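The values are calculated or read from the model by the stated rules, or taken from the named source; none is laboratory data. Just so it is clear, the structure is predicted and the values come from calculations on it, not from any experiment. Reconstructed Cβ throughout: ideal geometry from the backbone, glycine too, with neighbour counts over all protein chains shown. For accessibility, only protein heavy atoms count, side chains too; no ligands or nucleic acids. Shrake-Rupley method; radii C 1.70, N 1.55, O 1.52, S 1.80 Å.
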Amino acid sequence: MTDLLLLPGDGIGPEVTRQARRVAEVVAPDLAIEERLFGGCSYDEHGLPLTEETLAAAKAAKAVLMGAVGGQKWAGAPRDKRPEAGLLNLRAGMEVFANLRPALCFEALADASSLKRELVQGLDFMIVRELTGGIYFGSPRFIEELPEGGKRAVDTQVYTTAEIERVARVAFELARGRRNKVHSAEKSNVMDSGLLWREVVTDLHKREYADVELEHILADNAAMQIVKNPKQFDVMVTDNLFGDILSDAAAQLTGSLGMLPSAALGAPGKPGLYEPIHGSAPDIAGQNLANPLAAILSLEMALRWSLDRAEAADKVYAAVVRALEGGARTRDLGGALTTEQMGEAVLAAL
Ligand code: NAI
Ligand code: MG
């Protein structure tokens, strides 16, 4: 039985996941690790970005660690066979509906933030983005020609009570292990789906999580507050579209894309999907230049949330902090270490 399924993927994916694997082999040597093709490399080999066997392996593992997929090479593939389609199918097939995106400020990198040091120093907040519903999936959805000329495009936002409740539950549970505060962001002033969102979150809070502090915030105000005073936040739960945007904004508070991990969780007991938020970075792929810390921190989240190895996770986190404090920097952080050397700096700190 596989504990950790690695899907290195394309571009820098294999380079950064290799370093995460080395770290895993040190902090949790007994983990059963398996690797499979996924994304463009799977399309080249099997004609599909995600084969049935790989999806079955993902569902049977305790955690899946993905690198990144995609690249120009596959831009001409049929839409449903592109690497990105493989990723959507993997998320849907694993039923991972809650996307956890931490915005963390490492002390050693506080001066690299686009905000003033005092605004981000010690920052540690988590966005929980609904991942499998909302406007990216709702129907009807089409573009049509209008008889009078021009076109009309339609996307539809759909949320059910059950979809809102299960993601809100993840946020409340997380907050209990943190600073006990949840912000729920929507646009209940102008959207019915926002009204239902607020109603369901309020109701769940009253029924089961009254011990957690809950604040409702309009999503546009949330965007403003994220850049104005991000440290007021502990956990923020929001829908798929707002979460996509707000989490990208929050991510940039703390510096490089190469630092940021993410988790996608499903029902309790089901495997989680862990991945750096960056893509396959074709511009630097194959050059040993990528920062592997996002992948290593994604492993850290997998150890914590799916593999029941909180102690090993703590060790990985502390080792990353120590490596950064010791001055370890890849090019994206203004340094000169290679991907492999950054991996070695973390291993040395372990
Ligand atoms: P990207 O994240 O791959 O790259 C954006 C910029 O950040 C590039 O300059 C890249 O060199 C840099 N960068 C990214 N990760 C880095 C790391 N670990 N260390 C140092 N620098 C890093 O986004 P882009 O260029 O928009 O997309 C490239 C490909 O990746 C596309 O095919 C896209 O579809 C795919 N992609 C895949 C994702 C996934 O697998 N989850 C997510 C985002 C994009
Ligand atoms: Mg995005």
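Numerical summary
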item	result
Residues that are part of a loop (DSSP other than H, G, I, E, B) and surrounded by fewer than 20 Cβ atoms within 10 Å (Cβ to Cβ), drawn from region 18-35	29, 30, 31, 32
Members of region 295-349 that are open to solvent by 40 Å² or more (accessible area, probe 1.4 Å), assigned to a loop (DSSP other than H, G, I, E, B) and more than 25 Å from residue 178 (Cα to Cα)	326, 327, 329, 334, 336
Where residue 15 falls short, out of the listed (1) touching a Ser or Thr at 6+ places or on another chain (Cβ under 8 Å); (2) under 18 Å from residue 96 (Cα atoms); (3) in contact (Cβ under 8 Å) with a residue 60 or more places away in the chain; (4) crowded, with 24+ Cβ neighbours inside 10 Å	(2)
Filter result for residue 11 (of a type outside the set (D, E, K, R), more than 27 Å from residue 348 (Cα to Cα), assigned to a loop (DSSP other than H, G, I, E, B) and at pLDDT 95 or above)	no
Selection from region 168-181 of residues that are touching a residue at least 40 places away in the same chain (Cβ under 8 Å) and more than 18 Å from residue 97 (Cα to Cα)	178, 179, 180, 181
Residue within region 271-286 that is of a type in the set (S, T, N, Q), touching a residue at least 24 places away in the same chain (Cβ under 8 Å), under 21 Å from residue 95 (Cβ atoms) and within 15 Å of ligand 1 (Cβ to nearest atom) present	no
Segments classed as helices (runs of 4 or more DSSP H), wholly inside region 46-163, with at least 2 members that are under 17 Å from the mean Cα position of the chain (by Cα) and within 16 Å of ligand 2 (Cβ to nearest atom)	83-94
Hits in region 229-244 - residues which are within 16 Å of ligand 2 (Cβ to nearest atom) and either at pLDDT 95 or above or more than 13 Å from the chain's Cα centre (by Cα) (or both)	236, 238, 239, 240, 241, 242, 243
Hits in region 55-72 - residues which are within 15 Å of ligand 1 (Cβ to nearest atom), over 16 Å from residue 268 (Cα atoms) and surrounded by 16 or more Cβ atoms within 10 Å (Cβ to Cβ)	65, 66, 67, 68, 69, 70, 71
Among the candidates 285, 290, 267, residue that is away from ligand 2 (no atom under 16 Å from the Cβ), at negative phi, part of a loop (DSSP other than H, G, I, E, B) and at pLDDT below 95	267
Filtered residue count, region 215-238, keeping only those that are in a loop (DSSP other than H, G, I, E, B) and either within 16 Å of ligand 1 (Cβ to nearest atom) or touching a strand residue (DSSP E or B) at 6+ places or on another chain (Cβ under 7 Å) (or both)	2
Residue 257, sole failed condition from (1) surrounded by fewer than 24 Cβ atoms within 10 Å (Cβ to Cβ); (2) in contact (Cβ under 8 Å) with a residue 12 or more places away in the chain; (3) more than 17 Å from residue 102 (Cα to Cα); (4) under 21 Å from the mean Cα position of the chain (by Cα)	(3)
Residues satisfying the stated conditions in region 239-264, i.e. near ligand 1 (Cβ under 10 Å from one of its atoms), assigned to a helix (DSSP H, G or I) and not aliphatic (A, V, I, L, M)	258
Any pair with Cβ under 7 angstrom, 6 or more apart, that starts in region 55-76 at a residue that is small (Gly, Ala, Ser) and ends at one that is within 16 Å of ligand 2 (Cβ to nearest atom) and open to solvent by 30 Å² or more (accessible area, probe 1.4 Å)	68/279; 70/84; 70/279
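One line per residue, one yes/no per condition, for (1) under 19 Å from residue 11 (Cα atoms); (2) open to solvent by less than 40 Å² (accessible area, probe 1.4 Å):
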residue: 37; (1), (2): yes, no
residue: 41; (1), (2): yes, yes
residue: 100; (1), (2): no, yes
residue: 133; (1), (2): no, yes
